[in-house]
1. Picking from Ser39, Leu121, Ser231, whose Cα lies most toward the positive end of the charge dipole for the chain (charges on Cβ: Lys, Arg +1; Asp, Glu -1)?
2. Which one of Leu48, Ile60, Val30 has its Cα pushed farthest toward the positive end of the charge dipole of segment 15-64, where Lys and Arg give +1 and Asp and Glu give -1 at the Cβ?
3. Taking the Cα centre of segment 77-117 as the origin, how large is its charge dipole in debye, to the nearest 20, when only Lys and Arg (+1) and Asp and Glu (-1) carry charge on their Cβ atoms?
4. Take peptides 115-126, 161-172 and line them up by average Cβ neighbours within 10 Å, highest first, as a rough protection proxy.
5. If I take R0 = 22 Å and measure r between the Cβ atoms of Ser111 and Gln6 in this structure, what FRET efficiency does the formula 1/(1 + (r/R0)^6) give, to the nearest 0.05?
6. Treat each spin label as a single point 7 Å out from the Cα along the C-beta direction, and report the Lys136 to Leu199 distance in nm.
7. Out of Gln80, Ser16, Ser111, whose Cα points farthest toward the positive end of the dipole of segment 1-125 (charges: +1 Lys, Arg; -1 Asp, Glu; placed on Cβ)?
8. Please work out the FRET efficiency for the pair Arg158 and Asn239, using the Cβ-Cβ distance as r and a Förster radius of 45 Å; give the result to the nearest 0.05.
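Throughout, read-outs are computed from the coordinates displayed, never taken from laboratory work. In this text the structure is predicted, and so the values were computed from the model without any measurement. So basically every Cβ, Gly included, is an ideal-geometry build from the backbone, and we count neighbours across all protein chains shown.
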Amino acid sequence: MNRINQIFERKENLLSIYFTAGFPKIDDTVKIIKELDKSQVDIIEIGLPFSDPLADGPTIQKSSEKALSNGMTTNLLFDQLKDLRKISDIPVVIMGYFNPILQYGIEKFCSNCKDVGIDGLIIPDLPADIFKKNYKIIFEKYKLNMMFLITPQTSNERINLIDDLSKGFIYMVSSYSVTGAKDSFDKYQIEYFKRIKKLNLSNPLLIGFGISNKKTFQTACQNSNGAIIGSAYIKYIENHGVSKTRDFIKLIKD
């Protein structure tokens with residue numbers, strides 16, 4: 001069984017941490033994974049930097065720009081991850097935009113993911129129906145889970161399609177806006193969380209976008225299986241250093 005599915009069977013209130021590969025420094029990718037492993041996070045999401053990250057807020061955009069200027073490439077990322085499963089058993093997901101993955105070659109990318117021990121992919125700009133028609137068979141060949149995003153605007157019909165195609169979890173975007181840390185959720189977001197929860201989808205739900213502190217993490221956990229934190233963590237390691245990762249996780253979970 002895929003590590004992602006296993007973690008949802010074993011635990012509740014999961015914490016998934018996103019970071020951008022090659023940020024703050026080009027060789028920080030493995031260092032961050034080691035720190036997150038020691039901090040006992042539940043899922044690790046590695047962001048593949050891209051020059052035009054439409055769904056990302058300023059913090060992640062800035063980290064992508066820095067990573068690319070540092071020299072991060074897809075080939076380099078796979079090289080950095082070659083010993084991934086010697087240093088961590090935590091489920092690891094790559095999150096990236098479709099264009100660089102397509103240019104790299106879908107099958108080559110998936111094959112390399114399997115070789116280094118990646119458990120799944122999140123590709124925000126790959127529509128579910130296009131995935132089903134053209135790429136699902138490739139993902140299944142390499143035993144990679146594909147996780148899709150839903151938003152407050154996503155219709156129930158579309159959500160059901162995404163639920164059918166997702167393997168692992170559904171990424172529930174908390175708002176209409178781009179990524180970014182916020183201090184709390186408003187009543188409309190809470191209503192949205194409750195509406196999705198009532199659908200009784202077959203996949204677990206992780207809430208992302210706007211999770212920045214213990215309060216928002218706990219609220220997300222009350223309305224889903226856990227939360228994804230990206231911008232707040234990236235800001236923290238930029239200001240305090242990668243070695244202070246455990247301190248950040250304690251702020252969220254303790």
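1. Going by the charge dipole, the pick is Ser39.
2. Val30
3. Details: 5 positive and 5 negative charges, 6 e Å.
So the magnitude is around 40 debye.
4. Details: 115-126: 20.2, 161-172: 22.1.
Those peptides, ordered most packed to least, come out 161-172, 115-126.
5. Efficiency for this residue pair is about 0.45.
6. 1.7
7. Towards the positive end, the residue furthest out is Gln80.
8. So, using R0 = 45 Å, E works out to roughly 0.70.
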